Amino acid sequence: MLTQAQKVADRNSFVLYLDNLMSQHDDNHEALALVVVNINNFRRANTLFGFRAGDSLLNQIAERLYLVAVAPEMVGRLSGHTFGLIVPNLKNMDQAQLAANKVHSKLVDTFEISGNRFRTRIAMGIAYFPKNAWDAETLVEKGELALESALTQDTQLEVYTDSIKHKLSIGWDIENAMVDALDNEEFELHYQPKIDLHTGEPFAAEALLRWRSQEKGLLLPNDFIPAAEETGLIMDLTDWVLHTALRDAQEWPDKWGKHAVAVNISTCSLRESELPELIKQAIACWNFRSELLTLEITESAFMSNIETCIKNLYDIKNNGIKISVDDFGTGYSSLSQFKRIPADELKIDKSFVYDMIDDEQNKHIVELIIELGHRFQLKVVAEGIEETRTLEALVDANCDYGQGYLIGKSMDQEEYIRWLETFCPS
Ligand code: C2E
Ligand code: MG
Ligand code: MG
């Protein structure tokens, strides 16, 4: 017998159905919404448990989408792990958001697949007829653009706006735009607190780069760092980030003791022999205490030019600066490369942390990384803490430091100082 997911309309049939429905709505002067739902971590289910398990997960997801849909035809599969859900006869725009909330509560849950428990993560995009499109192809395209925007911004839901299309449009001369942005001061640093999990005290902040582009609005590092690496502009950006972070960190109140700053260093910058000198100059310029600066580097940075990277890291470390290995567990370097890094800190990637309570395998990985870090005399940081129970489990597992939305999101310099004042009033 065919399962419901196997009966789910494919993209072509779904678009045809949507087109007809849009014509009927047009005749009746009514509006409808399309919710595009993506299962972010679907590939992981395939990798962990095999393709049959992946198919079983898709079946279950479709079944739950039918519970939200007005009729089964309102659900279609747009691509591998992306579904479309039509919300017809809208009385107001909130109705689509309510449907999206329902989808969220039905899908962000633990699924039983092939005897294993798997917790899904989803992102959604919404587009409206007639507001955003008059034909079904365009409506689907705009729903997908909204979804893409949610994925790049790491948010759960984005509603389509023209600025999204603008922001994601191709053919933009990003290289020249970045050069102008440096001149026009369009880059900003935001700060996310890191706390000591045993005392609950904030002791440092990670600097996260933002680009407030006049043309495209707010852009996140993943939108432009790859282009900066490709075009060679990355060293200019790294230099700007270092100077700005050290200047800002000097202003942080030190009434609770020393407060450190962590700066992310791109793979490409780490391979440049002038990096240690650039850092020395920034420290001298701001008369900064080098032991209060941490550089966060990613494991995958070591895939090529390992000798230059290690030499740079020793140079930097000899100047008293701390080294943190970021996104640990997701890179491709081997443990034999890892042991050559003169590290002080290990950051467990957020993909293992956020659902460690429900995903036993991730819990094991987190516990093993903590153990590994401690064996190497390193401090271990868990990033991506979103829930209290995760924080409690990390304290139990003897993790040293924590970072995540539960503790504080990234904030601009002024907000960060206010956050510090409220968090630790004198
Ligand atoms: P990262 O260094 O691993 O930074 C953590 C990312 O996770 C940040 O995203 C942060 O906003 C996000 N995050 C923090 N807490 C949570 C949480 O509880 N849940 C979830 N889901 N996410 C959380 P962001 O700012 O988009 O940065 C992405 C990456 O871009 C960073 O990953 C870092 O590798 C890179 N990056 C950021 N700033 C710079 C920079 O100045 N230079 C370079 N080269 N790379 C940077
Ligand atoms: Mg980082
Ligand atoms: Mg990270």
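What's the FRET efficiency of Asp135 with Glu414 using the Cβ-Cβ distance as r and R₀ = 51 Å, to the nearest 0.05? Computed FRET efficiency for Asp135 and Glu414 comes out at 0.65. The alpha-carbon atoms of the stretch 280-426, seen along their principal axes, cover 42, 41, 22 angstrom, with the largest extent given first. Remark on the chain: Rg and Dmax equal 23.8, 74 Å (Cα only).
Only Cα pairs under 8 Å and 6+ residues apart enter the sum, and on that basis the relative contact order of the stretch 5-162 stands at 30 percent.
For the stretch 256-356, what class follows from the C-alpha gyration tensor (a ≥ b ≥ c being the square roots of its eigenvalues): rounded when a/c is under 1.5, otherwise prolate if a/b is larger than b/c, else oblate? Since a/c reaches 1.5 but b/c is at least a/b, the shape of the stretch 256-356 is classed as oblate.
Take the alpha carbon gyration tensor of the stretch 176-422, find the square roots of its eigenvalues, order them as a ≥ b ≥ c, and report rounded if a/c is under 1.5; if not, report prolate when a/b exceeds b/c, else oblate. It is rounded, given that a/c, with a ≥ b ≥ c, falls under 1.5. Against the chain, whose longest principal axis comes from its Cα atoms, helix 360-375 is set at around 10 degrees.
Relative to the longest principal axis of the Cα atoms of the chain, the long axis of helix 275-285 lies at roughly 70 degrees.
Among the trypsin sites (Lys or Arg not before Pro) in the stretch 38-91, those located in a DSSP loop and surrounded by at most 11 other Cβ atoms within 10 Å of their own Cβ are Lys91. A simple rule links phi to the HN-Hα coupling: the Karplus curve 6.51 cos²θ - 1.76 cosθ + 1.60 with θ = phi - 60°, which for the stretch 45-50 gives 4, 4, 5, 6, 10, x Hz, with x for Gly and Pro.
When the accessible area of the stretch 5-162 is computed with all protein chains present and a 1.4 Å probe, what percentage of it is carbon and sulfur? The computed percentage sits at 47. Summarising the amide proton neighbourhood of Ala262: residues at separation of 5 or more, or on other chains, whose placed amide H is nearer than 5 Å comprise Ala205, Glu206, Ala207, Thr294. Over the residues of the chain, the helix contribution to mean residue ellipticity at 222 nm works out to -14000 deg cm²/dmol, using -39500 (n - 2.57) for each DSSP H run of at least 4.
Among the GluC sites (Glu not before Pro) found in the stretch 89-198, those both in a DSSP coil and sparsely packed, with 14 or fewer other Cβ atoms within 10 Å of their Cβ, are Glu185. Are there trypsin sites (Lys or Arg not before Pro) in the stretch 338-414 that DSSP puts in a loop and that have at most 14 other Cβ atoms within 10 Å, and which ones? Passing both the DSSP loop test and the Cβ count: Lys339, Lys409.
If Lys and Arg each add +1 and Asp and Glu each add -1, what is the summed charge of the other residues whose beta carbon sits under 12 Å from the beta carbon of Ala45? Taking every other residue near Ala45 into account, the sum is +3.
The values are calculated or read from the model by the stated rules, or taken from the named source; none is laboratory data. What you are looking at is a predicted structure, and each value in this text was computed from that prediction instead of being measured. So basically every Cβ, Gly included, is an ideal-geometry build from the backbone, and we count neighbours across all protein chains shown. These accessible areas exclude ligands, DNA and RNA; they are computed on the full protein's heavy atoms, side chains included. Shrake-Rupley method; radii C 1.70, N 1.55, O 1.52, S 1.80 Å.
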